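A quick write-up on the structure given underneath.
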Amino acid sequence: MMEYRRLGGTELKISVLGFGASPLGDVFRKTEPAERNAAVHFAVDQGINFFDVSPYYGLTLAEARLGEALEGRREKVVLATKCGRYGGSEFDFSAKTITAGLEESLKRLRTDYVDLLQAHDVEFGHVQQVVEETLPAMRRLQEQGKARYIGITGYSLKNLMEIASKVKVDSILSYCRYNLLITDMDRSLAPFAKKHGIGVGGIGLINASPLHMGIITERGAPEWHPAPQAVRDAGQKIVALCKARGVDAAEVALRFCLDYAGAASTLVGLSSRGHVERNLKALEMKVEPELLREIAEVVAPVKDVTWASGLEENYG
Ligand code: NAD
């Protein structure tokens, strides 16, 4: 049932539904070991092979917990982690920290290599450093066999494109840029990737946060969410509308992203078997065009609203 797409020009074939592991670090709510492990094991059994984590999520907790849950299953998955972001406002894109940081990540993940190493939230760094120091250091780690491929992640599409136009990357991950509330990734990042050959042979883009980091769920946005109130309200209107039509808003939101051919995988945050099950259902469901029209109407006043992230010079 699971579909796999080749990630850009790499040899990685990743599931269209990816396991976002930030919730394993308790960034949305407190989780229990048994439910976390059950979520990971069930996901692997069901063919979800793409796992994305970072030392930042739960300040190393998510990596350590994912490493524990993947014990004995490492070779079944495509494992992506990140470097450069180590706290809410703790960034260090220096070669020294990137190199030492990966060693720590590998220990926590209980492996001696990752499939994809990504510079995390690059809009918080200076373009020159990311281009001239961070990414070359990551390429050296690739040459040493510690990372099979390298990529960048972030919120500012302008910044991601500026970096990727200056130095070759194997993948680009953007978040909260393609879902029911926003689709600007398709207007700028997708044509850019095509033009610059990111993804020749496959699809070089990864789409994260199909639920707009929890906004399109019954629980709603976590306290730290940066979106303006009007966007949060629109998320709750989508939830109410879907409920009234007898469907689950998270499933609808995920299906919308799975239908997007411009991304190799959609990463949804997971920490419970129940959510894995429900999200797998999205692979099979169809959303009525009428419901999508109604959602578009509700969203229209805040469609494509973004927020500032990172250094001012990198906004966009
Ligand atoms: P998301 O939009 O996937 O929302 C996650 C929240 O939705 C969690 O609270 C989760 O428990 C809940 N959820 C998941 N499935 C649900 C369902 N069926 N019903 C109800 N609630 C459900 O946001 P996210 O977790 O921030 O993004 C997904 C992943 O993408 C992250 O875990 C991370 O791996 C990656 N990501 C990367 C970056 C970056 O690199 N800068 C940024 C954001 C996300």
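The values are calculated or read from the model by the stated rules, or taken from the named source; none is laboratory data. None of the values given here were measured: they were computed from a predicted structure. In this analysis, Cβ positions are derived from the backbone assuming ideal geometry, glycine residues included, and neighbour counts consider all displayed protein chains. Areas reflect the complete protein model, heavy atoms only, side chains present, ligands, DNA and RNA absent. Shrake-Rupley method; radii C 1.70, N 1.55, O 1.52, S 1.80 Å.
Let's see how each residue does on (1) open to solvent by 10 Å² or more (accessible area, probe 1.4 Å); (2) part of a loop (DSSP other than H, G, I, E, B):
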{"site": "Arg6", "(1), (2)": "yes, no"}
{"site": "Gly9", "(1), (2)": "yes, yes"}
{"site": "Ile14", "(1), (2)": "no, no"}
{"site": "Phe19", "(1), (2)": "no, no"}
{"site": "Leu24", "(1), (2)": "no, no"}
{"site": "Arg29", "(1), (2)": "yes, yes"}
{"site": "Ala39", "(1), (2)": "no, no"}
{"site": "Val44", "(1), (2)": "yes, no"}
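Leu135 passes every criterion in (1) within 12 Å of the ligand (Cβ to nearest atom); (2) open to solvent by less than 10 Å² (accessible area, probe 1.4 Å) apart from (1). Contact annotation: residue pairs with Cβ atoms under 6 Å, 6 or more positions apart or on different chains, pairing a residue in region 198-225 that is over 16 Å from Val16 (Cβ atoms) and modelled with pLDDT under 95 with a partner that is within 6 Å of the ligand (Cβ to nearest atom) and among the small types (Gly, Ala, Ser), are Ala221/Gly214; Pro222/Gly214.
For region 257-274, enumerate the residues that are part of a helix (DSSP H, G or I) and either of a type in the set (Val, Ile, Thr) or touching a strand residue (DSSP E or B) at 6+ places or on another chain (Cβ under 8 Å) (or both). Working first, answer last.
Here is the first cut: in region 257-274, the residues part of a helix (DSSP H, G or I) are 257-258, 273-274.
Hits for region 257-274 are Cys257, Leu258.
Scanning region 72-96 for residues that are touching a strand residue (DSSP E or B) at 6+ places or on another chain (Cβ under 8 Å) and either part of a loop (DSSP other than H, G, I, E, B) or open to solvent by 10 Å² or more (accessible area, probe 1.4 Å) (or both) yields Val77, Val78, Gly84, Arg85, Phe91, Asp92, Phe93.
Let me confirm something: among Ala34, Ala69, which residue is more than 20 Å from Pro210 (Cα to Cα) and open to solvent by 10 Å² or more (accessible area, probe 1.4 Å)? Give the derivation first.
Details: Ala69 fails: open to solvent by 10 Å² or more (accessible area, probe 1.4 Å).
Testing whether each residue is more than 20 Å from Pro210 (Cα to Cα) and open to solvent by 10 Å² or more (accessible area, probe 1.4 Å) leaves just Ala34.
Which of the residues spanning region 78-104 are among the small types (Gly, Ala, Ser) and over 21 Å from Ala208 (Cα atoms)? Ser94, Ala95, Ala100, Gly101, listed by residue number.
Scanning region 287-310 turns up no residue that is touching a strand residue (DSSP E or B) at 6+ places or on another chain (Cβ under 6 Å) and of a type in the set (A, V, I, L, M, F, W, C). Quick one: would you say Val252 is open to solvent by less than 10 Å² (accessible area, probe 1.4 Å), β-branched (Val, Ile, Thr) and under 30 Å from Arg65 (Cα atoms)? For Val252, the condition - open to solvent by less than 10 Å² (accessible area, probe 1.4 Å), β-branched (Val, Ile, Thr) and under 30 Å from Arg65 (Cα atoms) - is met.
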